[in-house]
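One structure below.
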Amino acid sequence: AKEAVRVLVTGAAGQIGYALVPMIARGVMLGPEQPVVLHMLDIPPAAEALNGVKMELVDAAFPLLRGILATIDVVEACTGVNIAVMVGGFPRKEGMERKDVMSKNVSIYKAQAAALEKHAAPNCKVLIVANPANTNALILKEFAPSIPTRNISCLTRLDHNRALGQIAERLNVHVSDVKNVIIWGNHSSTQYPDVNHASILTKDGEKPVRGLIADDKWLNSEFITTVQQRGAAIIKARKLSSALSAASAACDHIHDWVLGTRQGTWVSMGVYSDGSYGVPAGLIYSFPVTCEKGEWSIVQGLKIDEFSRTKLDATANELAEEKSLAYSCL
Ligand code: NAX
């Protein structure tokens, strides 16, 4: 029998946590053959709710779920984990300055970095979901220097999946037949959803999205803003932010990272820039990546036109600015 993988979910009593933990326990993240032990962390005001989530996990009798730890102790939560999904954070409340929100999250991610570095299993893979996701990931990287940089990532797969969804709706094709969209940059409204290399699987082979959607105007404006603003549209409709789609994307992200991307297909992940595509090194930036044997690599050699160049740079500039704001909070 396979040994269980220990998966940490922080902020597990929250909305995304509530959608995410049953997916993990059902094998959505690591496959239907992989037993898991869930480590769930939250903060004291949410301790009782967290315990309720634990009760429901017991009640769901998931065959793959080999153990459940629900705790408010960050060291206990991080001990021995192979995968860490960081959903807990400090949300921006009305009237709050950006710097104050940043400062709260910097101190959370600094502390959790230290706990992961000391107590996680060797080669633990980390996914940051909590906003500002890219910059929280950068802070975690800085304060967990012994965790390999390539093991630290942030979630832009939700944006990637949103882009796939918009193209599928527009062309009236199945979403699984759409591939190779790209989300570049920050998980924020400056992200650049790029369809220049995307294609559709048809019965006559692969066809470029640009060829099938003749309406350049739609692709170059409405499509981009719809994906960028999708989070806000969900809040408007649900009066709550995206949760099931975020949880599902977090599973996709870890699934593909650990088990590999399909041949000829890439996904978007926020990873540490090595300077590819002229993106300044030292930022956590979303790139197209392929994964094999538990390692991601940035897809190289894609042609970047002038329109895209401007968008790639704008979102990089925002990340550089967030980085200096974060450092000013240290
Ligand atoms: P909730 O407010 O429902 O849940 C957050 C949970 O984190 C709460 O239970 C809270 O008590 C807990 N928490 C706060 N500080 C903590 C700490 N120091 N340690 C452990 N737990 C802590 O928010 P939810 O809707 O679940 O969203 C969670 C985060 O995901 C937010 O930061 C949100 O902005 C971010 N998102 C990121 C997305 C992405 O694609 N990267 C998309 C969805 C989502 O908006």
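The values are calculated or read from the model by the stated rules, or taken from the named source; none is laboratory data. Just so we're clear, the structure is a prediction, and the values are computed from it rather than from any experiment. Cβ sites come from the backbone with ideal geometry, for glycine too, and all protein chains shown count toward neighbours.
Structure above, values below:
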| quantity | calculated |
| --- | --- |
| Scope segment 181-212; condition within 27 Å of ALA250 (Cβ to Cβ) and of a type in the set (A, V, I, L, M); matching residues | VAL181, ILE182, ILE183, VAL195, ALA198, ILE200, LEU201, VAL209 |
| Scope segment 234-267; condition surrounded by 19 or more Cβ atoms within 10 Å (Cβ to Cβ), under 19 Å from GLY14 (Cβ atoms) and not small (Gly, Ala, Ser); matching residues | CYS251, HIS253, ILE254 |
| Qualifying position, being within 12 Å of the ligand (Cβ to nearest atom) and surrounded by fewer than 24 Cβ atoms within 10 Å (Cβ to Cβ), among ASN131, ASN82 | ASN131 |
| Filtered residues of segment 270-317 (kept if part of a helix (DSSP H, G or I), among the aromatic types (Phe, Trp, Tyr) and either within 16 Å of the chain's Cα centre (by Cα) or over 30 Å from ILE83 (Cα atoms) (or both)) | PHE307 |
| One residue from GLY231, GLY278, GLY270 being at pLDDT 95 or above and loosely packed, with under 12 Cβ neighbours inside 10 Å | GLY278 |
| Counted residues, segment 145-157 - those being crowded, with 17+ Cβ neighbours inside 10 Å and in contact with a Lys or Arg (Cβ under 9 Å, 6 or more places away or on another chain) | 4 |
| Residue within segment 190-205 that is under 24 Å from the mean Cα position of the chain (by Cα), of a type outside the set (Phe, Trp, Tyr) and surrounded by fewer than 14 Cβ atoms within 10 Å (Cβ to Cβ) present | no |
| Hey, THR79 farther than 19 Å from THR156 by Cα, of a type in the set (Ser, Thr, Tyr) and in contact with a helix residue (DSSP H, G or I) (Cβ under 6 Å, 6 or more places away or on another chain) or not | yes |
| Residues being exposed (fewer than 13 other Cβ atoms within 10 Å of the Cβ) and touching a strand residue (DSSP E or B) at 6+ places or on another chain (Cβ under 6 Å) - total across segment 23-35 | 0 |
| Unmet criterion (only one of (1) farther than 27 Å from PRO148 by Cα; (2) over 20 Å from the mean Cα position of the chain (by Cα); (3) not acidic (Asp, Glu)) for LYS2 | (1) |
| Residue satisfying condition, being modelled with pLDDT of 95 or more and either within 14 Å of the ligand (Cβ to nearest atom) or of a type in the set (D, E, K, R) (or both), within set ALA144, ALA113 | ALA113 |
| Residue count, segment 218-244 (criterion: away from the ligand (no atom under 16 Å from the Cβ) and under 13 Å from VAL195 (Cβ atoms)) | 7 |
| Inter-residue pairs, beta-carbon under 8 Å, first within 10 Å of the ligand (Cβ to nearest atom) and in segment 8-24, second of a type in the set (Asp, Glu), 6+ apart | THR10/ASP42; GLY11/ASP42; ALA12/ASP42; ALA13/ASP42; GLY14/ASP42; GLY17/ASP42 |
| Test: residue in segment 94-102 that is away from the ligand (no atom under 13 Å from the Cβ), buried (at least 24 other Cβ atoms within 10 Å of the Cβ) and farther than 19 Å from GLU318 by Cα | no |
| Residues being crowded, with 18+ Cβ neighbours inside 10 Å, near the ligand (Cβ under 9 Å from one of its atoms) and either over 24 Å from ILE108 (Cβ atoms) or not charged (D, E, K, R) (or both) - total across segment 41-60 | 3 |
| Residue that is away from the ligand (no atom under 13 Å from the Cβ), buried (at least 21 other Cβ atoms within 10 Å of the Cβ), more than 18 Å from the chain's Cα centre (by Cα) and modelled with pLDDT of 95 or more, where the choices are LEU64, LEU38 | LEU38 |
